[in-house]
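One structure is given below, encoded as structure tokens.
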Amino acid sequence: MGKKNELNFEEAIGSLEEIASNIENNRYGIDELLQKVKEAVQLINACKKKLNSTNDEVKKILANLEDNGE
Amino acid sequence: MKENCPSQIFTLSELNLMVRDTIRATMMDTYWITAEIGELKENSFSHHCYLELIEKRPDTNQMTAKARAVIWANKYPFIKYLFESRTGETFAAGIKILIRVSVDFHELYGFSLSIEEIEPSYTIGEMHLRKSQIIAQLQEEGIFSMNKELNLPLLPVRIAVISSPSAAGYGDFMSHLDSSPWNSLFAVKLFAATMQGEKTEASIIQALESIHKNIELFDAIVIIRGGGATSDLNSFDSYDLAANCAQFPLPILTGIGHERDDSIVDLVAHTRLKTPTAVADFLINRVTESAQRLNYLSQTITSAVTDKINETQKELQFLSANIIRASSAIISKQNNHIIRTEISLKSAITREFDSLSFRLKELDQFFRMASPSYILQKGYALVLKEGKVIESSKLLDREQTVELRFSDGSKKATIQ
């Protein structure tokens, strides 16, 4: 949903869960592990950013909807 | 054709009175009957309640009977209160009731029933029956659990609210969201609808249609109704509204706020909550849980990586210890060899040196004893003639002068 380049929280959490389980089950070699950790850190930061956002843009769109709606 | 020549003629009132008398004479005082309320009007002056009772064929819905009825003002408040408190329904048109009636016929006002008593459990049973029929129909059509099967996003923050803007419940919902830690994350849009009375069903369906036009802007729908009377939930038990809700492609959360059994809309909704405040709490908790899940994952990954790094480090340490152990074994073996070689070399050299120095001493002694000065010291003398050593007496004549060399000097001598 939303913009296409915007982070999908669902998918991000899904990827993080996969990475966590793969690390715990020792499925990564050390080189791949470093790559995956980098990826995980990026996803975690993006998710945190989303949680702390104000959603102002969405609010603006919804407010405009009211004008057209009636 | 006797009938064409009337032998006795009555006035209308005489006839009506005859009917009335017949009724009064033949009918019992009261009867328990079932009927549906077709129409209902309260007289605001007299406070009597006038109804039209009807009966329909269940299969075709065609009307098969109709009668006027009245509840007198002395009984009406009690009957209404009893009915509504027991059933949770408004005493209104469209409801099936079991009532005790007396039959009356008035020469001017005609046939009418007077309602003496009501048995709400019949209506409850009827409502259950009707509800279970609707539920069965929704299940048969395969739509009953469609909304439940939708995934509620981990962050349900873009909310379409269907409610009456003036409802207390809507205010409660909004202020609850506003006071949450995620207040800036929530984006709420109200789709105003009538939440009570006959228009409810159509009004909510219309709101759903409005939302559907911008469906990509929302994560979930909230249907809330606020704080008011517990009655008048008939609309939420309707097939049409339930079918619309069940098939709606966004998860629907209900907070219709009532004490009695769940309405059908509650049953088909993704999540059923009791009050608007409970809906707000549910949304807030969902976001909180997602945030906690993110933290948990972040911690899990961190500790898993730390473990993995420690483990790898241990492996490396073990490997390097192994290498050191193995190589030091080789080195000490080599060292021993060197030390042994060194020792044997040393002793060989010493031996060689000793024998050399012994020989040197021998030589030294030999040379010392063989030297002329050594011999001269022992008492020998050299005879020299004109600087040359004379080795034979035959070389000397009489009166010749020679030199005698001793170890401490020379003297001239003359041969005789």
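Which one of B:Leu150, B:Leu208, B:Leu190, B:Leu154 is in a loop (DSSP other than H, G, I, E, B) and crowded, with 17+ Cβ neighbours inside 10 Å?
Details: B:Leu150 fails: crowded, with 17+ Cβ neighbours inside 10 Å; B:Leu208 fails: in a loop (DSSP other than H, G, I, E, B); B:Leu190 fails: in a loop (DSSP other than H, G, I, E, B).
Only one candidate qualifies: B:Leu154.
Taken across the stretch B:264-281, residues that are surrounded by 13 or more Cβ atoms within 10 Å (Cβ to Cβ), out of contact with any helix residue (DSSP H, G or I) (no Cβ under 8 Å at 6 or more places or on another chain) and charged (D, E, K, R) do occur, with at least one present. All of (1) surrounded by 10 or more Cβ atoms within 10 Å (Cβ to Cβ); (2) outside any helix (DSSP H, G or I) hold for B:Asp397 with one exception: (1). Taken over the stretch B:190-216, the criterion of being in contact with a Lys or Arg (Cβ under 8 Å, 6 or more places away or on another chain) and closer than 19 Å to B:Ala280 by Cα is satisfied by B:Met195 alone.
With respect to B:Asp178, determine if the residue is under 29 Å from A:Asn52 (Cβ atoms) and touching a Ser or Thr at 6+ places or on another chain (Cβ under 8 Å). First the steps, then the outcome.
Details: under 29 Å from A:Asn52 (Cβ atoms): yes; touching a Ser or Thr at 6+ places or on another chain (Cβ under 8 Å): no.
For B:Asp178, the condition - under 29 Å from A:Asn52 (Cβ atoms) and touching a Ser or Thr at 6+ places or on another chain (Cβ under 8 Å) - is not met.
Please go through (1) of a type outside the set (Lys, Arg); (2) surrounded by 21 or more Cβ atoms within 10 Å (Cβ to Cβ); (3) away from chain A (no Cβ under 13 Å) for B:Ile134 and return the number of the only condition it doesn't satisfy. Just one mismatch for B:Ile134, condition (2).
Just wondering, is there one or more residues in the stretch B:207-215 that are at negative phi and touching a residue at least 60 places away in the same chain (Cβ under 8 Å)? Show your work before the answer.
Keep residues of the stretch B:207-215 that are at negative phi, which gives B:207-215.
Now restrict to residues that are touching a residue at least 60 places away in the same chain (Cβ under 8 Å): none.
So far as the stretch B:207-215 goes, no, none of its residues is at negative phi and touching a residue at least 60 places away in the same chain (Cβ under 8 Å).
This table checks each residue for (1) in contact with a strand residue (DSSP E or B) (Cβ under 8 Å, 6 or more places away or on another chain); (2) part of a strand (DSSP E or B); (3) at pLDDT 85 or above; (4) among the charged types (D, E, K, R).
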| position | (1), (2), (3), (4) |
| --- | --- |
| B:Ala321 | no, no, yes, no |
| B:Ser328 | no, no, yes, no |
| B:Ile338 | no, no, yes, no |
| B:Arg351 | no, no, yes, yes |
| B:Leu356 | no, no, yes, no |
| B:Lys412 | yes, yes, yes, yes |
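For the stretch B:173-187, taking the residues that are of a type in the set (Phe, Trp, Tyr) and within 13 Å of chain A (Cβ to nearest Cβ), the one that is farthest from the chain's Cα centre (by Cα) is identified as B:Phe186. Among the residues of the stretch B:153-172, those identified as closer than 20 Å to B:Ile264 by Cα and within 14 Å of chain A (Cβ to nearest Cβ) are B:Val161, B:Ile162. For the stretch B:213-243, filtered to residues that are of a type in the set (A, V, I, L, M, F, W, C) and part of a loop (DSSP other than H, G, I, E, B), the residue that is modelled with the highest pLDDT is B:Phe218. Looking at (1) closer than 28 Å to A:Glu10 by Cβ; (2) part of a helix (DSSP H, G or I); (3) within 14 Å of chain A (Cβ to nearest Cβ), which one does B:Ala280 not meet, given that it meets all the others? Of (1) closer than 28 Å to A:Glu10 by Cβ; (2) part of a helix (DSSP H, G or I); (3) within 14 Å of chain A (Cβ to nearest Cβ), only one is false for B:Ala280: (3).
What about B:Met146, is it over 30 Å from A:Asp56 (Cα atoms) and either over 23 Å from the mean Cα position of the chain (by Cα) or modelled with pLDDT of 90 or more (or both)? In short, yes.
Just to be sure, is B:Glu149 among the acidic types (Asp, Glu) and either at positive phi or touching a residue at least 12 places away in the same chain (Cβ under 8 Å) (or both)? So that I can check it myself, show each step before the final result.
On the way: among the acidic types (Asp, Glu): yes; either at positive phi or touching a residue at least 12 places away in the same chain (Cβ under 8 Å) (or both): no.
It is false that B:Glu149 is among the acidic types (Asp, Glu) and either at positive phi or touching a residue at least 12 places away in the same chain (Cβ under 8 Å) (or both).
For residues that are part of a loop (DSSP other than H, G, I, E, B) and more than 30 Å from B:Met28 (Cα to Cα), tally how many sit in the stretch B:96-147.
Step one: list which residues in the stretch B:96-147 are part of a loop (DSSP other than H, G, I, E, B), which gives B:107-109, B:119, B:141-147.
Okay, now just the ones that are also more than 30 Å from B:Met28 (Cα to Cα), so B:141-147.
The qualifying residues number 7.
Of everything in the stretch B:165-180, what is crowded, with 18+ Cβ neighbours inside 10 Å and at pLDDT below 90? Give them in sequence order. Passing the criteria: B:Ala167, B:Gly169. For the stretch B:59-86, a residue qualifies if it is free of Cβ contacts under 8 Å to residues at least 40 places away in the same chain, among the β-branched types (Val, Ile, Thr) and buried (at least 17 other Cβ atoms within 10 Å of the Cβ), and exactly one does: B:Ile79.
Look through the stretch B:109-126, keep the residues that are among the aliphatic types (A, V, I, L, M) and touching a residue at least 60 places away in the same chain (Cβ under 8 Å), and return whichever of them is farthest from B:Ala67 (Cα to Cα). Outline the logic, then answer.
So the first thing to find is which residues in the stretch B:109-126 are among the aliphatic types (A, V, I, L, M), and the list is B:113, B:115, B:118, B:124.
The next check asks that each one be touching a residue at least 60 places away in the same chain (Cβ under 8 Å); those that pass are B:113, B:115.
On the way: B:Leu113: 7, B:Ile115: 12 Å.
It comes out as B:Ile115.
Among the conditions (1) part of a loop (DSSP other than H, G, I, E, B); (2) more than 14 Å from every other protein chain (Cβ to nearest Cβ), the only one that B:Pro249 does not satisfy is (2). So, in the stretch B:41-86, of the ones that are assigned to a helix (DSSP H, G or I) and either in contact with a Pro (Cβ under 6 Å, 6 or more places away or on another chain) or of a type in the set (A, V, I, L, M, F, W, C) (or both), which residue ends up nearest to B:Tyr109 (Cα to Cα)? Per the stated criteria, the residue is B:Ile79.
The values are calculated or read from the model by the stated rules, or taken from the named source; none is laboratory data. In this text the structure is predicted, and so the values were computed from the model without any measurement. No Cβ is skipped: glycine too gets one built from the backbone with ideal geometry, and neighbour counts run over all protein chains shown.
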